[in-house]
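Engineer: The structure's right below; bear with me while I get my questions together.
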Amino acid sequence: MSEFNKDDYLNDLPDADELAGQGAPAADAAKPADSQPVDQPAAPKPEEGPADAGNGDQQDADEGTLTPLGKAKKEAADYLEALQRERAEFINYRNRAKKEQDRFRQHGIIDVLTALLPALDDIDRIREHSEMDDSFKAVAAKIDKAFEKFGVEKFGEKGEDFDPTKHDAILHKPDPNAEKETVDTVVEAGYRIGDRVIRAARVVVASPQA
């Protein structure tokens, strides 16, 4: 039996670096496959609602926090606003109705006046060319007052300046003494209501000679 040689035994042992190199692959192989880093899915973002949804919730929250007295005041303010709006609409309607009523009333007066114009012209001719008895004068005066009551104005006088907007010239008569056109004779008087001419006065015009 050969003798144990310590130096030979130590020389046959592997180095520590060789042992470390052989152990590293084994350690890597021992790692589980699921130890690799995996990308985690991103957390879903909360959905954003419409902008006015937050305002509505805020308004509901504000109304919910009102005290009974505050709610009563708010209802009173809403009722007052609605009442004022209805009142304004009623005033506008009343004004329109009044204008329509005045317009229909004026049309009625014009229709009556137009129908009575021939009789009024006859009364004027009688006044101008003959004497009227007292009873006839009283009737004529009542007719004049009735038309004055409804705003009817009679116009057309001899000697006034000729105005084509209210005079209807049926004849132009040269006058050597005339410096401008004036009314020489009123054949039929004119009538108007306010600024509206119902019938222009029919006149003979005295015109300056050329």
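Engineer: If R₀ is 35 angstrom, what is the calculated FRET efficiency for the pair LEU117 and ALA82, using the beta carbon separation as r and rounding to 0.05? List each step's numbers first, then the result.
Structural biologist: Values: r = 53 Å, r/R0 = 1.51.
That pair, LEU117 with ALA82, gives E of 0.10.
Engineer: For GLU89 and ILE126, what is the calculated FRET efficiency with R₀ set at 41 Å and r taken between the beta-carbons, to the nearest 0.05? Present the calculation step by step, with values, prior to reporting the outcome.
Structural biologist: Details: r = 55 Å, r/R0 = 1.34.
In this case the efficiency is close to 0.15.
Engineer: Put a dot 7 Å past each Cα toward the Cβ at ASP144 and LYS158; how far apart are the dots in nm?
Structural biologist: Here the answer is 1.7 nm between the modelled labels.
Engineer: Arrange SER130, SER207 by Cβ neighbour counts within 10 Å, fewest through most, would you?
Structural biologist: Working: SER130 7, SER207 17.
Lowest count first: SER130, SER207.
Engineer: For the range 170-205, which trypsin sites (Lys or Arg not before Pro) are both in a DSSP coil and crowded by at most 15 other Cβ atoms within 10 Å? Spell out each step's value before the answer.
Structural biologist: Details: sites: LYS180, ARG192, ARG196, ARG199, ARG202; in loops: LYS180.
For trypsin sites (Lys or Arg not before Pro) across the range 170-205 that sit outside H, G, I, E and B with at most 15 neighbouring Cβ atoms in 10 Å, the list reads LYS180.
Engineer: As a test, work out the antiparallel percent of DSSP beta bridges whose residues both lie in the range 106-208, rounded to the nearest 5. Let's see the in-between values first.
Structural biologist: On the way: 13 of 21 bridges.
Among the beta bridges of the range 106-208, antiparallel pairing accounts for roughly 60 percent.
Engineer: Between ASP168 and ILE193, what is the label-to-label distance in nm when each label sits 7 Å out along the Cα-to-Cβ direction?
Structural biologist: It is 1.8 nm.
Engineer: Treating the beta-carbon of each Lys and Arg as +1 and of each Asp and Glu as -1, no other charges, what is the dipole magnitude of the range 106-208 about its Cα centre, to the nearest 20 debye?
Structural biologist: 320
Engineer: Under the Kirkwood approximation applied to all pairs of distinct alpha-carbon atoms, what is the hydrodynamic radius of the range 124-210 in Å? List each step's numbers first, then the result.
Structural biologist: Working: mean 1/r = 0.0699 Å⁻¹.
Over the range 124-210, the inverse of the mean reciprocal pair distance is 14.3 Å.
Engineer: If a paramagnetic tag sat 7 Å from the Cα of ARG105 along the Cα-Cβ line, which residues of the range 183-198 would have the backbone N under 14 Å from that point?
Structural biologist: 194, by backbone N distance to the label point.
Laboratory data are not the source of any read-out in this text; all were calculated from the coordinates shown. What you see is a predicted model, and the numbers here were worked out from it, not measured in a lab. Quick reminder, even Gly has a Cβ in these numbers, built from the backbone with ideal geometry, and neighbours come from all protein chains shown.
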